[in-house]
1. Determine the dipole magnitude for segment 143-241: charges of +1 sit on the beta-carbon of Lys and Arg, -1 on that of Asp and Glu, nothing else is charged, the reference point is the Cα centre, and the result goes in debye to the nearest 20.
2. Starting from segment 115-192, pick out the GluC sites (Glu not before Pro) whose DSSP state is loop and whose Cβ has at most 15 other Cβ atoms within 10 Å.
3. For Met205, what residues show an amide H to amide H distance below 5 Å, using hydrogens built from the backbone and excluding near sequence neighbours?
4. Find how many whole Å separate the alpha carbon centroid of segment 116-150 from the alpha carbon centroid of segment 159-231.
5. Please list, by residue number, every one of the trypsin sites (Lys or Arg not before Pro) in segment 176-206 that is coil in DSSP and has at most 15 other beta-carbon atoms within 10 Å.
6. Just add up the charged neighbours of Asp237: K/R +1, D/E -1, any other residue whose Cβ is under 11 Å from the Cβ of Asp237.
7. Which one of Ala185, Ala201, Val229 has its Cα pushed farthest toward the positive end of the charge dipole of segment 133-299, where Lys and Arg give +1 and Asp and Glu give -1 at the Cβ?
8. Under 5 Å between amide hydrogens, which residues at least 5 positions from Ile286 or on another chain qualify, with H placed 1.01 Å from N in the peptide plane?
Amino acid sequence: MGGLGSTRVFGHSGGGGVDVVGLRRRPARDLYHQLVTGSWGRLLLVYAVVYFGTVAIFAALRLLVSARIFSGDGFLAALVAAAEAPPDSGPALSPRALALSGLHGLEGFVRWAELVIASGLVLAKFSLVRARVLFSDVAVVAPHDGGEALMFRMANERRSHIVDAKVSVMLVRNELHDGEVVRRAHDLALVRGGSALFSHAWTAMHPIDRGSPLSGETAGSLEGSEAEVLVNISGFDEGLVKTVHARHVYPASRIRWNVRFREIVRLREDGRRVIDYRKFHKTVPIDSAPAGEKTPTRKAR
């Protein structure tokens, strides 16, 4: 799935997006968010470092105690003996034995704390709900109702239905404004931007009429303005009983002109409908037309 991290406007530094200057990020203050939303590999790596680090620290402390650092009758030994010796104890234990006993108790507490925190992080990570929505590899500009329309496909990969699904589409491109190049976003209205029940495949269409931000655009002009089409879908998964959402990005290089999607729905002889997802991403050419000259930017309207 294409994410916002790969876009020029919403992406992060190093991912082809925007370099952020002056904003002081403090990952350590939001470590919970970093671990829960990050990869499983990162979570396991951090936990392994903490776990084996704890093992090493307490092993070193036991080594120090075994080396008779606490065996003398100094203040530290007396303090440990006074703190750890039970009130009704039998034969008095040596300061070193008391120190080892206290160290063992401290290690048990740290282990327990690590287990509780790790369990909470794993449960939170498993509780994250993600939609299983398949997007077509490309979007197409094809004939529609006597004109043209931008189209892309979506499919629900789960058996459960997505209720009250809504799709929003936004075009982001470079434009000239007062002699300067700025990055502007435009909403693209869909023929059907919502579905009461999203069960299988859905082809979203944006008519390219006079009021469309794509009016007069060509493949060359979109690439020249570094245009991107951002898609967001949300709805209520009746199986998970939770709201889910998914998103995808179509850069200008992934928008195909003068082609249409292959038909994926057919009827069997017994009258049952069949959806062939093997053709989900495939396109077929239509009447070709010149794509136009590449232009660096489009004048703001």
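Every number here is computed from the coordinates shown, using simple stated rules; none is lab data. If you're wondering where the values come from, they're calculated on a predicted model, not measured in any experiment. Quick reminder, even Gly has a Cβ in these numbers, built from the backbone with ideal geometry, and neighbours come from all protein chains shown.
1. With only Lys, Arg, Asp and Glu charged at Cβ, the dipole is about 360 debye.
2. In loop regions of segment 115-192 (DSSP not H, G, I, E or B), the sparsely surrounded GluC sites (Glu not before Pro) are Glu157.
3. So Met205 has HN proximity to Val191, Arg192.
4. If you average the Cα positions of each part, the centres end up 16 Å apart.
5. Qualifying residues, ordered by number: Arg192.
6. Here the charged neighbours net out to +3.
7. Result: Ala201, furthest along the dipole toward the positive end.
8. Long-range HN contacts for Ile286: Val259, Arg260.
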